Every structure is written in structure tokens, then in C-alpha cells.
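The values are calculated or read from the model by the stated rules, or taken from the named source; none is laboratory data. What you are looking at is a predicted structure, and each value in this text was computed from that prediction instead of being measured. Cβ sites come from the backbone with ideal geometry, for glycine too, and all protein chains shown count toward neighbours. Areas reflect the complete protein model, heavy atoms only, side chains present, ligands, DNA and RNA absent. Shrake-Rupley method; radii C 1.70, N 1.55, O 1.52, S 1.80 Å.
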Amino acid sequence: MDDDKEYKLSIRSAGNTQVPCLQVIYSKGYILSHYYLNNTPGEWKAPQWDAEKNGRRFSATSLEELLGLIAMWEIRGDDWRHKNGEQELYDQLIESAPMYDSEGNIIDN
């Protein structure tokens, strides 16, 4: 959360990223569907998005997540699952992640 650093571009998942993600997925030739899951009447309905193409289906709760899954598969293919040794980067980032308060100040652990 380095607000002092200057970037040429900074995108954060928000309401204004949904339509561009939808358009990217559509432009890649995927058939899209949208529905809600609701196990208990009266409770919040969970949005679901699916994209299908060439016998492959991707499902997520947001268009940003859906595009991320498609991008992951496009790079990794049908053997997309993590491989031996790949967990190390994830673990390193999780262990070294700072915590910030609501004002952007680092909280010491």
C-alpha cells in the first residue's frame, strides 16, 4: 500500500472494472451466463458468473475473478494446478505481508 510511489497505471477491482472484464471475456469468444445462488429464502443471493468455450467452463462470483481464472488457464493450460515448489512464493508473500489500519498506516505486529 505504497501511496507515495508513482505508477503509470493503477487498477483496483471495483464497480468500474466489471464491464471492461465482461467485454474482454466476451471478445475472447466465451459464452457467458449469470445467475444467483440462494440456499435460504430471504437471505442475500450470491452472484455467479460462468464462461464456456471449447468444452471448458469457468465459474466465479465476480467478472474480475472469472477473467483471472481464464487468464490463468490460458497461461497454464489444462494442467493448471499448482506444482511442487510453487507454494513457496505464496507463503513468502503471506508471511511478509504488512498490516495497515484504515488510514493507511502500518500496524506493527
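Of S62, S33, all but one fail to be surrounded by 11 or more Cβ atoms within 10 Å (Cβ to Cβ), farther than 20 Å from I11 by Cα and not charged (D, E, K, R); the exception is S33. Of all residues in segment 15-29, those satisfying the criterion of being closer than 16 Å to T61 by Cα, open to solvent by less than 70 Å² (accessible area, probe 1.4 Å) and either touching a Gly at 6+ places or on another chain (Cβ under 8 Å) or in contact (Cβ under 8 Å) with a residue 40 or more places away in the chain (or both) are T17, C21, L22, I25. For A71, the requirement of being of a type in the set (G, A, S), open to solvent by less than 90 Å² (accessible area, probe 1.4 Å) and closer than 19 Å to K28 by Cα is met.
Scanning segment 72-86 for residues that are at pLDDT 95 or above and under 18 Å from the mean Cα position of the chain (by Cα) turns up M72, W73, E74, I75, R76, G77, W80, R81. Is there a residue in segment 40-53 that is outside any loop (DSSP other than H, G, I, E, B), basic (K, R) and out of contact with any strand residue (DSSP E or B) (no Cβ under 9 Å at 6 or more places or on another chain)? No.
Residue by residue through segment 19-38, note down the ones that are hydroxyl-bearing (S, T, Y), in contact with a strand residue (DSSP E or B) (Cβ under 9 Å, 6 or more places away or on another chain) and outside any loop (DSSP other than H, G, I, E, B). Those that are hydroxyl-bearing (S, T, Y), in contact with a strand residue (DSSP E or B) (Cβ under 9 Å, 6 or more places away or on another chain) and outside any loop (DSSP other than H, G, I, E, B): Y26, S33, Y35, Y36. Against the conditions (1) of a type in the set (V, I, T); (2) at pLDDT 95 or above; (3) exposed (fewer than 11 other Cβ atoms within 10 Å of the Cβ), T40 satisfies every one except (2).
Condition (residue is in contact (Cβ under 8 Å) with a residue 12 or more places away in the chain and loosely packed, with under 12 Cβ neighbours inside 10 Å) applied to segment 83-97: is it met by at least one residue? No, segment 83-97 contains no residue that is in contact (Cβ under 8 Å) with a residue 12 or more places away in the chain and loosely packed, with under 12 Cβ neighbours inside 10 Å. Screening G104 with (1) in contact with a strand residue (DSSP E or B) (Cβ under 9 Å, 6 or more places away or on another chain); (2) open to solvent by less than 70 Å² (accessible area, probe 1.4 Å) gives one miss only, at (1).
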